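Read the structure below first, then the notes.
Laboratory data are not the source of any read-out in this text; all were calculated from the coordinates shown. This one's a predicted model, so the numbers in the text were calculated from it and none came from an experiment. Every residue, glycine among them, receives a Cβ derived from its backbone with ideal geometry; neighbour counts consider all protein chains shown.
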Amino acid sequence: MHCDSLTEAINELKKQGFQYDFNIDKELIHCTALNKDFQTEDFQVAFHQIFDDGDDAGSQSVIYALATEDGHKGILIDAYGTYTSAVATKLLENISFKKHGKN
């Protein structure tokens, strides 16, 4: 799947059942609807895409389609590049390891 905009990605992922909104909260990923905190290790990353909406480094974002071990599927959106959070960096490392067969 490749999307031309962040909005398109959100809509496509919602159609695929990624219904929950995950948010970064300090060193954890939180889901308000589930009232639950997760570690990055609790997720499989089904999809991610980086969006660049301009020349400013602050205009980059990344969307993750995440699935928990117990079957909850949702979306996390974060800044990318200069403003990437530590939690998002761990997710990217997790993706990198899986692509290279180290997990």
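If you place +1 on the Cβ of every Lys and Arg, -1 on the Cβ of every Asp and Glu, and leave all else neutral, what size is the dipole of region 1-67 about its Cα centre, to the nearest 20 Debye?
So the dipole magnitude of region 1-67 works out to roughly 380 debye.
Return the sequence-ordered ³J(HN,Hα) values of region 33-49 in whole Hz as given by the Karplus equation 6.51 cos²θ - 1.76 cosθ + 1.60 applied to θ = phi - 60°, using x for Gly and Pro.
Values, residue by residue: 4, 8, 6, 9, 9, 10, 8, 4, 5, 7, 10, 9, 9, 7, 6, 8, 8 Hz.
Quick one: which residues, 5+ away or cross-chain, put their amide H under 5 Å from the amide H of ASP25? H built at 1.01 Å from N.
HIS30
Taking 0.36 nm per intervening residue step and subtracting the Cα-Cα distance, what contour gain separates SER85 from HIS30 on full extension?
18.4 nm
With θ set to phi - 60° and the Karplus curve 6.51 cos²θ - 1.76 cosθ + 1.60, what are the ³J(HN,Hα) couplings of region 66-79 in order, to the nearest whole Hz, using x for Gly and Pro?
For region 66-79, the Karplus-derived couplings read 10, 10, 7, 4, 9, x, 7, 10, x, 10, 10, 10, 9, 5 Hz, x marking Gly and Pro.
If you keep only loop residues by DSSP, which trypsin sites (Lys or Arg not before Pro) in region 1-83 have at most 13 other Cβ atoms within 10 Å of their Cβ?
LYS26
Give me, ordered by chain and number, the residues 5 or more places off TYR80 or on other chains with an amide H under 5 Å from its own placed amide H.
HN-HN under 5 Å from TYR80: GLN60, SER61, VAL62.
Which value, in debye to the nearest 20, gives the size of the charge dipole of region 1-40 about its Cα centre, when Lys and Arg are +1 and Asp and Glu are -1 at the Cβ?
In total the dipole reaches around 160 debye.
Please compute the modelled spin-label separation between SER5 and GLU41, points set 7 Å along Cα→Cβ, answer in nm with one decimal.
Simple spin-label model gives 4.0 nm for this pair.
Over 19 Å between C-alpha atoms is what I'm after, so list which of LYS14/LYS90; LYS15/LYS73; LYS36/LYS73; LYS15/LYS90 land there.
The pairs that break the limit, which is 19 Å between Cα atoms, are LYS14/LYS90; LYS15/LYS90.
Mind listing the phi-derived Karplus ³J(HN,Hα) values for region 13-21, rounded to whole Hz, using 6.51, -1.76 and 1.60 with θ = phi - 60°, and x for any glycine or proline?
The phi angles translate into 5, 4, 4, 8, x, 7, 8, 8, 9 Hz.
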